[in-house]
1. Any idea which of Glu145, Glu104, Glu160 is farther than 19 Å from Thr5 by Cβ and of a type in the set (Asp, Glu)?
2. Just name the residue that is modelled with the highest pLDDT out of those in region 6-24 that are polar (S, T, N, Q) and either crowded, with 24+ Cβ neighbours inside 10 Å or over 8 Å from Thr68 (Cβ atoms) (or both).
3. What is the number of the single condition among (1) part of a helix (DSSP H, G or I); (2) of a type outside the set (Lys, Arg); (3) under 12 Å from the mean Cα position of the chain (by Cα) that Ile7 does not meet?
4. Just to be sure before I move on: is Gly30 within 18 Å of the chain's Cα centre (by Cα) and on the phi > 0 side of the Ramachandran plot in the structure I sent?
5. Within region 162-179, track down each residue that is assigned to a loop (DSSP other than H, G, I, E, B) and either of a type in the set (Lys, Arg) or surrounded by 14 or more Cβ atoms within 10 Å (Cβ to Cβ) (or both).
6. Would you please name the residue that is surrounded by the fewest Cβ atoms within 10 Å (Cβ to Cβ), looking only at residues in region 32-66 that are touching a residue at least 60 places away in the same chain (Cβ under 8 Å) and more than 20 Å from Lys15 (Cβ to Cβ)?
7. Check region 58-68 and report whether any residue there is on the phi < 0 side of the Ramachandran plot, part of a loop (DSSP other than H, G, I, E, B) and at pLDDT 95 or above.
8. Taking region 84-141 on its own, how many of its residues are crowded, with 20+ Cβ neighbours inside 10 Å and assigned to a strand (DSSP E or B)?
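The values are calculated or read from the model by the stated rules, or taken from the named source; none is laboratory data. Just so you know, these numbers come straight off a predicted model, no measurement behind them. Every residue, glycine as well, gets a Cβ built from its backbone with ideal geometry; the counts of neighbours run over all protein chains shown.
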Amino acid sequence: MKTYTIIAGVNGAGKSSLTGVLRQEMDDLGVIIDVDKLAAANGGNNILAGRLAVARIRECLARGVCFTQETTLSGALTAHTARQARDRGYRVRMYYVGLDSAEESLARIANRVRKGGHDIPAGDVRRRFAGRVRALASVLPYCDEATFFDNDNGFAAVAEYRNGVIACFDGAPRWVRGLAEAVSQP
């Protein structure tokens, strides 16, 4: 079956690391679209990377192949892509990686930068963290399923989305309980 996989979370949450784990466990991720890697391959040009990502998404949809997108959900692209994918007969699934605070994201990004990785402006991280509920709520209606992972100390599944509801597992951290409550609000 054609599958569109969304690997989402705020900056620094661990999306790329989760993609690496899933690559070893699954055989239907297809084409992996990671804007950060596209930017790095193009001299840090984020505008060009965004355009390349959109072009790859369009190509995957046109060819009807499985593909995976890493995203912060901060723009309208993922919701638009999920709607298009559903309309074209794709199964849409999301793996969302979360952390308790924007400060935790910033600390992880600082650690990544110390190791030679890319930086993200603190204002962007805080804005995306503050907007994560709205962003998630815009994409979830197009998802057939979603699994939420806490990355406090490795990836632990803490909730799932089925039939329009986020169901938290026993011992789920406060961030996912907060998301579940906020997304459920009318």
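1. Values: Glu145 fails: farther than 19 Å from Thr5 by Cβ; Glu160 fails: farther than 19 Å from Thr5 by Cβ.
None of the others qualify; the one that does is Glu104.
2. Initial filter on region 6-24 (polar (S, T, N, Q)): 11, 16-17, 19, 24.
Applying the additional criterion that residues be either crowded, with 24+ Cβ neighbours inside 10 Å or over 8 Å from Thr68 (Cβ atoms) (or both) yields 11, 16-17, 24.
On the way: Asn11: 83, Ser16: 89, Ser17: 90, Gln24: 94.
Out of the qualifying residues, it is Gln24.
3. (1)
4. Values: within 18 Å of the chain's Cα centre (by Cα): yes; on the phi > 0 side of the Ramachandran plot: yes.
When the stated conditions are applied, Gly30 passes them.
5. Filtering region 162-179 for residues assigned to a loop (DSSP other than H, G, I, E, B) gives 163-164, 169-173.
Of everything in region 162-179, those that are assigned to a loop (DSSP other than H, G, I, E, B) and either of a type in the set (Lys, Arg) or surrounded by 14 or more Cβ atoms within 10 Å (Cβ to Cβ) (or both) turn out to be Ala172, Pro173.
6. Gly64
7. Taking region 58-68 first, the residues on the phi < 0 side of the Ramachandran plot are 58-63, 65-68.
Next, from what is left, pick out any that are part of a loop (DSSP other than H, G, I, E, B): 65-66.
Those still in the list that are at pLDDT 95 or above too: 65-66.
Within region 58-68, one or more residues are on the phi < 0 side of the Ramachandran plot, part of a loop (DSSP other than H, G, I, E, B) and at pLDDT 95 or above.
8. 6
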